[in-house]
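> Have a look at this one.
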Amino acid sequence: MISLKNNNSLVKKIVFIFVLAILLQIPVFFINTIVDDREYSYRNMVEELGNEWGRKQTIAGIFLTVPFDDSEIYYDDKLEKEARRKIVKNLVILPDELNVKVHLNDEVRERGIYKTTVYNGDIVLSGTFPCVTTSAETFSYGVGAGLGITDTKSIMKVEEFSIEGENIEMESGTGLAQHGINTGISGTIQQDLNQKEKIHFSVKLSLRGNEGINILPFGKNNRFEVSSSWKAPKFYGILPNTKVIDENGFKAEWEISSFVRNYKQVFVDGGSYGDMDEGRIGVDLYEGVTHYRQVMRAVKYSMLFIMLSLFVVYLFEITSKRYTHYVQYGVVGFSLVLFYLVLLSMSEYFSFGTAYIIAALMVVIPNSLYIKAVTANNKYGLGMFVFLSGIYAVLYSILKMEQYALITGTLLLVLVLYVIMYLTRHIEVLEEK
């Protein structure tokens, strides 16, 4: 049984430990600010590199454009009255069948200490349009074919863009105003399509992008397939009908009807038809939690871990019957705070697991030797080593379990509390007479 002859001494040390743990949150706060600043710089770099390499791409199409004559009312300044003038509008026709195959070849780009994932995408589109009836006047304008692409500067090569066997000469821009198809590539079809019951098309191109890719369901019936060697995809929008994710990467397939969107198969460009992004499928090359987020999550447990560690030092003081000075508690507490700064610094140069081991060892070993010197007992130095190794192992497991982090962390910390309760069950405080 362990006895304490001075109740006031016990209260003073416990109050001091509690106050010290709170005061140590001041440097923890500044470390948290540093983490925010570093992550902000990282996000800016990713955005900058992404804009240079290629933005997140959205594939919309393909579609046909049939020009027709129309008129509009305008105010004539000379006549000082309303007048009517002739204008040309575009009828946009979407395909009956749209098949899209996408393969993303991911790679890592570096700038300084920062890294981000980009891709080279191989896109293949095929399918059919319904029959198109055009007048001689309309044909003189030229029936067009286009493909909506978010970032046309990142198109590497258009290997094929054929309508009914005719390879269309493409140029940048669609000339349309409708959101979703106002950027991309387009060309003019030279052949007469009036006699065609179905109009077949085939497109092959390569482009670069960043983060992920979206595909809009422009067909009446849509079949999409996206594959990559990336092992951690994030699907959103309409989820795939089937998907396979293994050590070789992933492959996902969709079958989608036109009912998932709120615009027609045929519409006049420039009208109000709602959001053309409706019903999209999306795939991100998901990086999960960045090392900055992991450090930030680790910092959130700092108060609890520091208090537990200081309390263990106090238990060693009691059981070793050697007085530990308040300054020595402060030294131990401050070294525990530095763990998070070392972890942040190392994680920018090494993998998070390696950085965590280095940061943990830089705290565990010196503190174990320090407690050994303070208590003049190897047993307590070894005990500190085991305790700190255990709590940092607990913290690492919490950080790696994204979905079960809260419940895992809670159960493990409760277990630590039970161990401390067991170790302190025979402490007896005696009143001074």
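> Identify all residues within the range 207-227 that are surrounded by fewer than 23 Cβ atoms within 10 Å (Cβ to Cβ) and touching a Phe, Trp or Tyr at 6+ places or on another chain (Cβ under 6 Å); write none if there are none.
Selection gives ARG208 alone.
> Also: Any residue at all in the range 287-295 that's closer than 30 Å to LYS101 by Cβ, touching a residue at least 40 places away in the same chain (Cβ under 8 Å) and open to solvent by 20 Å² or more (accessible area, probe 1.4 Å)?
Yes, because at least one residue in the range 287-295 is closer than 30 Å to LYS101 by Cβ, touching a residue at least 40 places away in the same chain (Cβ under 8 Å) and open to solvent by 20 Å² or more (accessible area, probe 1.4 Å).
> Same structure again: Of everything in the range 186-196 that's polar (S, T, N, Q) and over 36 Å from the mean Cα position of the chain (by Cα), which residue is surrounded by the fewest Cβ atoms within 10 Å (Cβ to Cβ)?
Taking the candidates together, the pick is GLN195.
> Of the residues LEU399, LEU415, which single one is at pLDDT below 85, in a helix (DSSP H, G or I) and closer than 27 Å to MET45 by Cβ?
Going through LEU399, LEU415 in turn, just one is at pLDDT below 85, in a helix (DSSP H, G or I) and closer than 27 Å to MET45 by Cβ: LEU399.
> Select from the range 186-204 the residues that are among the polar types (S, T, N, Q) and in a loop (DSSP other than H, G, I, E, B) and write down the one among them that is modelled with the highest pLDDT.
In this case the residue turns out to be GLN190.
> Now, a different point. If you scan the range 182-201, which residues turn out to be over 17 Å from GLY146 (Cα atoms) and of a type in the set (S, T, N, Q)?
Across the range 182-201, the qualifying residues are ASN194, GLN195.
> Of the residues MET384, MET362, which single one is surrounded by 15 or more Cβ atoms within 10 Å (Cβ to Cβ) and more than 27 Å from TYR292 (Cβ to Cβ)?
Checking each option against the conditions leaves just MET384.
> Here's another thing I want to ask about it. Among what's in the range 2-24 and is at pLDDT below 80 and out of contact with any Asp or Glu (no Cβ under 9 Å at 6 or more places or on another chain), pick the residue that is nearest to SER302 (Cα to Cα).
So, considering only residues that are at pLDDT below 80 and out of contact with any Asp or Glu (no Cβ under 9 Å at 6 or more places or on another chain), the one nearest to SER302 (Cα to Cα) is ILE14.
So that you can scan it fast, the table gives a plain yes or no per residue for (1) under 18 Å from GLU52 (Cβ atoms); (2) modelled with pLDDT under 85; (3) touching a helix residue (DSSP H, G or I) at 6+ places or on another chain (Cβ under 9 Å):
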{"position": "ASN99", "(1), (2), (3)": "no, no, no"}
{"position": "GLY112", "(1), (2), (3)": "yes, yes, yes"}
{"position": "ASN120", "(1), (2), (3)": "yes, no, no"}
{"position": "THR128", "(1), (2), (3)": "no, no, no"}
{"position": "PHE139", "(1), (2), (3)": "no, yes, no"}
{"position": "GLY146", "(1), (2), (3)": "no, no, no"}
{"position": "SER162", "(1), (2), (3)": "no, no, no"}
{"position": "ILE168", "(1), (2), (3)": "no, no, no"}
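> Of the numbered conditions (1) under 20 Å from the mean Cα position of the chain (by Cα); (2) in a helix (DSSP H, G or I), PHE259 fails exactly one; give the number of that condition.
Of everything listed in (1) under 20 Å from the mean Cα position of the chain (by Cα); (2) in a helix (DSSP H, G or I), PHE259 misses just condition (1).
> Sticking with this structure for a sec: If you check every pair at least six apart or on different chains, which have Cβ atoms under 8 Å apart with a residue in the range 102-116 that is over 30 Å from ILE281 (Cβ atoms) first and a residue that is exposed (fewer than 15 other Cβ atoms within 10 Å of the Cβ) and of a type in the set (Phe, Trp, Tyr) second?
ILE113/TYR349
> On the given criteria, is PHE224 hydrophobic (A, V, I, L, M, F, W, C) and part of a loop (DSSP other than H, G, I, E, B)?
no
> Please identify the pairs in which a residue from the range 30-59 that is within 24 Å of GLY212 (Cα to Cα) has its Cβ atom under 6 Å from the Cβ atom of a residue that is assigned to a loop (DSSP other than H, G, I, E, B) and open to solvent by 70 Å² or more (accessible area, probe 1.4 Å), counting only partners at least 6 apart or on another chain.
Note: pairs meeting the criteria are LYS56/GLU211.
> Follow-up. Give the residue, chosen from ASN210, ASN241, ASN194, ASN222, that is of a type in the set (S, T, N, Q) and closer than 19 Å to GLU107 by Cα.
ASN210
> I'd like the residue in the range 228-268 that is within 12 Å of ARG280 (Cα to Cα) and among the hydroxyl-bearing types (Ser, Thr, Tyr) and, out of all such residues, is surrounded by the most Cβ atoms within 10 Å (Cβ to Cβ).
SER258
> Is there a residue in the range 306-323 that is touching a Ser or Thr at 6+ places or on another chain (Cβ under 6 Å), open to solvent by 60 Å² or more (accessible area, probe 1.4 Å) and either touching a residue at least 40 places away in the same chain (Cβ under 8 Å) or not in a helix (DSSP H, G or I) (or both)?
Yes; the residues of the range 306-323 include at least one that is touching a Ser or Thr at 6+ places or on another chain (Cβ under 6 Å), open to solvent by 60 Å² or more (accessible area, probe 1.4 Å) and either touching a residue at least 40 places away in the same chain (Cβ under 8 Å) or not in a helix (DSSP H, G or I) (or both).
> Which one is farthest from ILE256 (Cα to Cα) among residues in the range 197-206 that are surrounded by fewer than 24 Cβ atoms within 10 Å (Cβ to Cβ) and either among the aliphatic types (A, V, I, L, M) or within 18 Å of the chain's Cα centre (by Cα) (or both)?
Checking each candidate, the answer is LEU205.
> Can you pull out the residues in the range 147-185 that are open to solvent by 20 Å² or more (accessible area, probe 1.4 Å), in contact (Cβ under 8 Å) with a residue 24 or more places away in the chain and part of a strand (DSSP E or B)?
ILE155, MET156, LYS157, VAL158, GLU159, GLU160, GLU166
The values are calculated or read from the model by the stated rules, or taken from the named source; none is laboratory data. Because the structure is a prediction, the values reported are computed rather than measured. Cβ atoms come from the backbone with ideal geometry, glycine included; neighbour counts cover every protein chain shown. Heavy atoms of the whole protein, side chains included, go into the accessibility calculation; ligands, DNA and RNA do not. Shrake-Rupley method; radii C 1.70, N 1.55, O 1.52, S 1.80 Å.
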